[in-house]
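Just so it is clear, none of the values below were taken in a lab; they were calculated from the coordinates. All figures in this text were calculated on a predicted structure; none of them were measured in a lab.
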Amino acid sequence: MKAKSLKFYNGSRACHAEALRRRVGCGSTIRRALDVIGWIVLSAILALIPKCPMCLAAYIALWTGIGLSISAAIYLRASILVLCVGLILFLAARSARLLFHNVCGTNS
């Protein structure tokens, strides 16, 4: 499969991101909906995660039938918290980058 060459824009070669933006559409409704869903899901996980590891172990046992030790529940809860906070920080950084650098604009 042969790669497509990038189109020329104002006498210089356009970057790959600009060519991709032209093909996909920067302000697409689907992309904005997926961003909102990502924020909602991660925030809901953080809000609904039990505060004590014993409750987490009990919920997992109730929902799946898998028994979990307290020490495993402690590590699982900490891992879920770190993952959710990291992903929320990633979403915040990406949103800030899009806001400050005016990705959809033609003058970069």
Would region 58-97 count as rounded, prolate or oblate if I go by the C-alpha gyration tensor, calling it rounded below 1.5 in a/c and otherwise prolate when a/b exceeds b/c, oblate otherwise? prolate
I'd like the Karplus ³J(HN,Hα) series for region 77-94: coefficients 6.51, -1.76, 1.60, θ = phi - 60°, whole numbers in Hz, and an x wherever there's a Gly or Pro. 4, 5, 5, 5, 4, 5, 4, 5, 5, x, 5, 5, 5, 4, 4, 5, 5, 5
